[in-house]
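Structure record follows, encoded as structure tokens.
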Amino acid sequence: PAFAQLPALLQRGPAVEQFRSLRSRIFELRDVSPLKSILVSSGMPQEGKSYISVNLALSLARHKNSKVLLIDGDMRRYTIHQILGCDSQPGLADYLAGKAGIVEIMQRAEQQPVPEIAKQQQPLLPNLTFIAGGNGGDKAADLSGSPRFGDLIRLASPHFDWIIVDSSPVLPVSDAVNLARSCDGVLLVARSGVTKFPIAQR
């Protein structure tokens with residue numbers, strides 16, 4: 001894993017506190033209406049969607065041992081596998097195209113050795129299951145509109161406390177809008193000093 005991009009794994013610090021605060025807000029919303037699957041998107045590329053998605057998923061997974069499914073729904077520029085140190089395929093694109101089953105595309109952290117005093121094994125990224133983007137390429141728009149994505153969310157939902165879906169930016173392509181139809185909520189990311197106000201409004 002690229003630990004420099006995973007501040008949610010830290011015990012303390014300003015970054016981890018920000019993600020704990022975001023997590024608290026999400027729990028508040030959950031008290032008002034059903035909320036399990038959350039799509040993370042933004043107006044344009046390079047605004048921090050994948051960074052937010054991964055660290056939010058880890059923050060949720062570390063809270064009360066919640067079981068979290070993290071899906072890289074950006075089948076054009078999929079990057080989460082690099083942050084987590086996982087394989088990029090098979091992934092979501094393969095499942096939506098009917099080339100792989102749901103269990104085949106899921107990845108879990110390997111058991112990591114701990115000091116011998118503990119005499120036990122524990123995963124580095126506990127309670128986190130990951131689905132990579134796969135390679136959707138030019139077919140990403142068609143794949144994102146597939147009813148198989150809704151099936152994936154429905155099949156996975158009973159087995160997880162949270163489902164976080166990273167996605168493509170909303171304005172340049174339609175993928176995120178298609179995927180959002182199957183999710184309970186959308187988290188829009190705006191990057192300080194980068195995101196233009198009209199982009200955020202749109």
| task | Could you tell me which residue of segment 4-14 is most open to solvent (accessible area, probe 1.4 Å), considering only residues that are in contact (Cβ under 8 Å) with a residue 24 or more places away in the chain and either closer than 28 Å to Ile199 by Cβ or of a type in the set (S, T, N, Q) (or both)? | result | Gln5
| query | Of all residues in segment 84-101 being in contact with a strand residue (DSSP E or B) (Cβ under 8 Å, 6 or more places away or on another chain) and under 27 Å from Ala4 (Cβ atoms), which is most open to solvent (accessible area, probe 1.4 Å)? | reply | Asp87
| request: Could you pull out the residue among Val173, Val186, Val165, Val194 that is in contact (Cβ under 8 Å) with a residue 60 or more places away in the chain, over 18 Å from the mean Cα position of the chain (by Cα) and within 30 Å of Val103 (Cα to Cα)? | output: Val173
| task | Scan segment 26-51 residue by residue and report those that are in a helix (DSSP H, G or I) and either among the acidic types (Asp, Glu) or crowded, with 21+ Cβ neighbours inside 10 Å (or both). | result | Glu28, Asp31, Lys49, Ser50
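The values are calculated or read from the model by the stated rules, or taken from the named source; none is laboratory data. Treat the numbers as computed from the prediction; the structure is a model and nothing was measured. Counting neighbours? That spans all protein chains shown, and the Cβs are built from the backbone with ideal geometry, glycine included. For the accessible areas, the whole protein counts, side chains as well, though only heavy atoms, and no ligand, DNA or RNA atoms are used. Shrake-Rupley method; radii C 1.70, N 1.55, O 1.52, S 1.80 Å.
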